[in-house]
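The structure appears below as structure tokens.
The values are calculated or read from the model by the stated rules, or taken from the named source; none is laboratory data. All of these numbers come straight from a predicted model, not from anything done at the bench. With ideal geometry, Cβ positions are generated from the backbone for all residues, glycine too; neighbour counts draw on all protein chains shown. The area values use the complete protein model at the heavy-atom level, side chains included, leaving out ligands, DNA and RNA. Shrake-Rupley method; radii C 1.70, N 1.55, O 1.52, S 1.80 Å.
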Amino acid sequence: MLETRQVRNQSPPECLFSEEHVKQIKANYQDWFDNSLRDADRESEGKYFTHSGIPIKLIYTPADIDHLNYTEDIGFSGHPPYLRGVYPNMYRGRFFTVRQLAGLGAPEDCNERVCYLLDHGATGISILFDLPTVRGYNSDDPEAEGNVGACGAAVDSIWDIDAFFKDIDLGTASTNIVTHLPSTSLVIPAMYFAVAEQRGTPWTSVAGTCQNDFIMETCVGSAPEILPPQASFRMQCDVIEWVCKNIPRWNPVSYNGYNLREAGTDAVGEVGTAIANAMATADELIRRGMKIDDFAPRMSFFWDLHNDFFEEIAKCRASRKVWYQLMKERYNAQKPKSLLMRFHVQTAGVTLPATEPLNNVARSAFQGMAAVLGGCQSLHIDSYDEAYSAPTEEAALLSLRTQQILQAETGICSTVDPLAGSYYVEYLTDQMVQRIWDHINKIEGMGGLVKAVEDGWLHREISTYNMDYQKKIESGEMKIVGVNFQVAAEKETKAIEVYEYPETYSRQKTKLEKLRKERSSTKVQECLDALKDACHREENLVPHCLEAVKNLVTLGEIEETFREEFGLWAFPLL
Amino acid sequence: MERKIRVVMAKLGLDIHWRGVYLVSQFLKDSGMEVIYLGNKFPEQIVEAAVEEDADVIGLSSLGGSHLTLGPKVVRLLKERGLDHIKVFMGGVMAPKDARSLEEEHGIAKVYLPDTPMQVIIDGIRSTVALA
Ligand code: B12
């Protein structure tokens, strides 16, 4: 077990406030508490909690953070423990990347949306796939019925990735490929790398990220066919290992705190579980002979910024410190970049109701602001039509504009970590650090994250959390404006246009027919046989997938091979 | 003793979103119904299970965009097998016009969109089954 809670340095000069000063403040506090407050105020103590359950006091003073040592516990941006930010100059040097999601219809439609966002000042690309693609089926597989192009873009073969990135220079783009599952992260990024190669763009200049997280396969989402946790975890590690050795500017994993949070956990569970996953990966890659500094600089994280403004900011700050402590103390990482926790943020979709959808503009703007105050590296702000469908062009533009307003108009990017020194924020950050460590240690104690998933522990955690959360909504304890609080007498309905792409299926089907005619079936078989073989050997699967996609093997065929070779896992139904 | 209302619940097809369906299942259970949650299934499998379980109600959750294709298919399959007495409820994310169309043209008893209080769903299922 790790013991990373630092030994508190009690010598007064090192602490934020002198011992004497703190003593005085404590006495004054007691006086204020006893004499300035009403009974009702005093009785309210112990009744306020942050979203993750940290008790909130009526007022915070230096006495609440008197154990903190500025240099060791807080420090400077770009310096250990990186609590205040990963780069010394933060947003003065480089704004967070404005990275809005785009995913709808056929690759050709999606290309239009991506170009639209880039034309309006987006600085990164993030692409989403439809459910058949995400779960590894071709558009013409029976399982795909009714879902083709519905909540993301359809990808069946390398041709689709080529169409997706028509007129986009893969040598300068920064692309986030939202594959979610390791099994598709073996294939879709391989298509991307192969397209780059075909276009003469060297792999050294290809930059981006893929989501590659086995808990997406096995826990966060449910599906008719699910690969076993061990197999999915192995694939996750294969992608990271291969990418670290071959594509120097690609982040092969984005530990998906976001999706777990949306599935149902609090801020502590979100960060703790994602870091436990990174630890499991690190242990496995070290077992395979890699060094921590070979891969740690390429691990990236993905946080969900929920409603509790200060707790979310504290979470972001704390996550950087925990990562630093982990890398330094447990893994003895040497490269400075290994010590930096970099993360993308998406605002919390689950906080956005269908009722009075325009209110979501306000919710998302606050969450986005918290992300920036928390020092994120890139950001997606959800759109007001979140509870209806993929955003319309108008809604997507408004989200993009919200980001630009944060950058250009609010002034919050002018100085580093502006909330540092707030007694409350520092207190919460310190609490978060401790609670995240407790969570990590709990998972370690169960034998690590893969085991915790196999045992259904994580599924149970999610369910319990969700029941509790929903009961609070039903009882009105958790207020949602317009839904269970300040409910309008008359329901105002704003007509929301919903994007639909019914023609995607036939377009994809036609392309697949053409592809099957043009490719060599002998070559296809050879590729699939080699892949099958590799599944049962300790051999990295990426080169086999790369070879296969170049030979026009489809995503569905590769994934079917995985399902056959690794077998299916029964999702624990609760 | 009064027979408990038997509900077979499923996620439609490839839809990965299980938060809502789990909660609805749990609340229905807590309200005294017998709930059998199937996980992700396709229409044929859902109808098969409803027969096996002697269900009064099928509950379908769709946040993945296949509500207009797979939802009506369940109703069609039930009709073909003469199982019209099984009421089909749906819930999830979809355009309000799609929800109306499912109710008015495709034989779905009721569609519950996001933000619906659980008690409304419980009462809706109870009253529909009582009338049948
Ligand atoms: C949480 C969430 C997720 C979580 C799901 C976690 C989980 N285990 O469930 C995560 C982050 C994993 C996720 C992923 C995706 N999501 Co999502 N997600 C949501 C979100 C934000 C909230 C859904 C939710 O759980 N709400 C809370 C529950 C309690 O509400 P509910 O399910 O609606 O249930 C209520 C009613 O609908 C009804 N109900 C629901 N089911 C049933 C069933 C019956 C029988 C009855 C009677 C009633 C009923 O009762 C409930 C109480 O009122 C919605 C947007 C939103 N605000 O609704 C998007 C949303 C559903 N997601 C969407 C998409 C596209 C995706 C992705 C496919 C994106 C992609 N292409 O990568 C991915 C899936 C990728 C993958 N690899 O798995 C889209 C769907 C668009 C569409 N249908 O056209 C939405 C609408 C967001 C958007 N605007 O783009 N998502």
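Taking the stated definitions as given, is residue B:97 basic (Lys, Arg), more than 9 Å from the ligand (Cβ to nearest atom), surrounded by fewer than 19 Cβ atoms within 10 Å (Cβ to Cβ) and under 21 Å from residue A:497 (Cβ atoms)? The answer is yes for residue B:97.
Within segment A:234-258, the set of residues being in a helix (DSSP H, G or I), in contact with a strand residue (DSSP E or B) (Cβ under 8 Å, 6 or more places away or on another chain) and open to solvent by 10 Å² or more (accessible area, probe 1.4 Å) comprises A:258 only.
Taking the conditions exactly as written (among the small types (Gly, Ala, Ser), modelled with pLDDT of 95 or more and open to solvent by 20 Å² or more (accessible area, probe 1.4 Å)), does residue A:476 satisfy them or not? In short, yes. Return yes or no: is residue A:432 among the hydrophobic types (A, V, I, L, M, F, W, C), more than 14 Å from chain B (Cβ to nearest Cβ) and crowded, with 19+ Cβ neighbours inside 10 Å? Yes; evaluated as a whole, the condition is true for this residue.
Checked against (1) within 27 Å of residue A:322 (Cα to Cα); (2) among the polar types (S, T, N, Q); (3) part of a loop (DSSP other than H, G, I, E, B), residue A:463 passes all but a single condition, namely (3). Taken together, A:395, A:365 contain a single residue that is at pLDDT below 95 and out of contact with any strand residue (DSSP E or B) (no Cβ under 6 Å at 6 or more places or on another chain), which is A:395. Does residue B:76 count as open to solvent by 60 Å² or more (accessible area, probe 1.4 Å) and either assigned to a helix (DSSP H, G or I) or modelled with pLDDT of 95 or more (or both)? Yes: the conditions hold for residue B:76. Scanning segment A:221-230 for residues that are part of a helix (DSSP H, G or I) and open to solvent by 10 Å² or more (accessible area, probe 1.4 Å) gives a single hit, A:230.
The residue that is farthest from the chain's Cα centre (by Cα), among those in segment A:375-392 that are open to solvent by less than 10 Å² (accessible area, probe 1.4 Å) and of a type in the set (Asp, Glu), is A:385. Selection over segment A:503-559 of residues that are assigned to a helix (DSSP H, G or I), surrounded by 15 or more Cβ atoms within 10 Å (Cβ to Cβ) and of a type in the set (Ser, Thr, Tyr) gives a count of 2. Residues that are touching a residue at least 60 places away in the same chain (Cβ under 8 Å) and open to solvent by 30 Å² or more (accessible area, probe 1.4 Å) within segment B:32-73 comprise just one, B:56. In segment A:431-488, the qualifying residues are those that are in contact with a Gly (Cβ under 8 Å, 6 or more places away or on another chain) and polar (S, T, N, Q), and the one that is farthest from residue A:230 (Cα to Cα) is A:484. Of all residues in segment A:165-179, one or more are in contact with a Leu (Cβ under 6 Å, 6 or more places away or on another chain) and within 13 Å of the ligand (Cβ to nearest atom). Residue count for segment B:19-54 under the criterion of being within 12 Å of the ligand (Cβ to nearest atom) and farther than 28 Å from residue A:468 by Cα: the result is 1.
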